[in-house]
1. Step through the table entries 124/287; 206/227; 124/206; 224/294, compare each Cα-Cα distance with 21 Å, and write down the pairs that go over it.
2. Assuming R0 = 25 Å, what is the FRET efficiency of residue 201 and residue 264, from their Cβ-Cβ distance, to the nearest 0.05?
3. Quick one: pull the percentage of alpha-carbon pairs in region 75-144 with a separation above 16 Å.
4. Determine which lysines satisfy two conditions relative to residue 256: a Cα distance under 23 Å, and not lying fewer than 8 residues away in the same chain.
5. Using the basic label-point model (7 angstrom from Cα toward the beta carbon), what is the residue 209 to residue 296 distance in nanometres?
6. What are the ³J(HN,Hα) values, in whole Hz, obtained from phi via the Karplus relation 6.51 cos²θ - 1.76 cosθ + 1.60 with θ = phi - 60°, for each residue of region 105-118 in sequence order, with x given for Gly and Pro?
7. Whole-Hz Karplus ³J(HN,Hα) for region 271-278, in order, using 6.51 cos²θ - 1.76 cosθ + 1.60 and θ = phi - 60°, x for Gly and Pro?
8. Show me, for region 17-28, the HN-Hα J-couplings you get by feeding each phi into the Karplus relation (A = 6.51, B = -1.76, C = 1.60, θ = phi - 60°), rounded to Hz, glycine and proline as x.
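Every number in this text was worked out from the coordinates using simple rules, so none of it is lab data. Everything numeric here is computed off the predicted structure, so don't read it as measured data. Counting neighbours? That spans all protein chains shown, and the Cβs are built from the backbone with ideal geometry, glycine included.
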Amino acid sequence: MGWGIDTILQIIGLVETIFGLIPSVFIVTSNIQCWMKGEIPNSTDHIVTALGFSGIFSAFNNAVMVFLVFSPEMPLLIYILYTVCFTSVYTFCSSCWLTTCLCFIFFMKIINFKPGFFSWIKMKIDSLVPHLILAIEGLSICLSVVYIILYPCVKDVNSTSSSMTNQTSYLLSPDYSTCVFMFGIFSIAIMVATITTGPIIVSLYKHTHRMRRNMGDGDGPSLKVYKRAACTLSSLFILYIISYSLTIAGQLSNDKTLQWIYVIFSNSFPFLQSVILILGNSRLLQKCLEILTKCRQCIYHKDGRVQTVGF
């Protein structure tokens with residue numbers, strides 16, 4: 001018998017999960033390796049590493065979801081579903097608020113302030129970042145617990161599958177209250193991200209316009225940090241807007257096609273987020289290119305050796 005569309009999409013989801021795990025592990029291990037060598041990490045490195053850990057949790061969570069679809073009669077399924085639900089909310093809240101924190105850090109570092117409260121925060125921002133990360137992780141755990149308690153997400157359903165006749169299975173059961181809860185978390189984070197990212201883009205535009213008018217060059221080395229930060233934050237902002245929109249649409253809609261689009265995008269989310277973070281970090285990008293170059297050289301060397309033997 002041929003494979004159905006559901007099986008094919010599940011395999012695609014599993015492949016996406018594997019590809020999402022690789023760059024997240026790369027981000028975490030690269031930063032840990034640098035710290036072990038004695039390099040002092042900056043505040044953005046802390047946030048990127050935390051986002052890498054969040055990506056790893058999200059990838060493992062997606063993998064469990066795929067295996068649950070393949071094994072609907074797994075023992076203790078209802079407890080596994082609750083755990084998956086808890087982890088999903090935790091990774092969503094953690095990633096969302098860590099990205100907002102990253103926007104805030106870039107905002108404090110790039111924008112110039114008059115003497116006062118914001119200028120004091122600008123001087124203290126590096127020492128405040130570890131405390132912000134701990135607060136975000138603690139808040140994410142608390143919100144996940146509240147989510148599970150207030151909105152039970154698992155219900156019994158009678159299976160109509162030929163392989164599960166007269167058996168009981170369990171499904172996640174989101175409702176409008178759940179979506180309101182998620183909207184409250186997301187809207188506050190997006191509002192803060194918008195307030196902090198907007199001035200960075202405006203400052204970049206004004207600075208570029210000023211450079212072109214005075215020096216005839218709007219793409220000098222001094223603007224690389226501005227442009228990389230603006231591109232990274234804008235890309236993450238768009239990614240989270242799409243993710244949230246598809247999450248709400250996929251949970252509320254009964255259209256199976258839309259639900260599968262949501263599942264496929266959710267599985268690819270850790271990969272997309274990690275790629276954006278790597279492209280936005282010059283050290284990670286350089287190390288990634290070095291690894292890819294070494295892999296390519298090994299492949300060429302192996303191919304050349306095989307050809308020589310064959311000749």
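1. On the way: 124/287 29 Å; 206/227 12 Å; 124/206 27 Å; 224/294 27 Å.
Over 21 Å apart, Cα to Cα: 124/287; 124/206; 224/294.
2. Values: r = 30 Å, r/R0 = 1.21.
Plugging the Cβ-Cβ distance into 1/(1 + (r/R0)^6) gives 0.25.
3. Details: 1404 of 2415 pairs.
In whole percent, the share of Cα-Cα pairs in region 75-144 beyond 16 Å is 58.
4. 155
5. Spacing of the two 7 Å Cα→Cβ label points: 4.0 nm.
6. Ordered by residue, 3J(HN,Hα) equals 5, 4, 4, 5, 7, 8, 7, 8, 10, 6, x, x, 5, 5 Hz.
7. Karplus-based 3J(HN,Hα) across region 271-278 equals 5, 4, 4, 5, 4, 4, 5, 5 Hz.
8. Karplus-based 3J(HN,Hα) across region 17-28 equals 5, 5, 5, x, 6, 4, x, 5, 5, 4, 4, 5 Hz.
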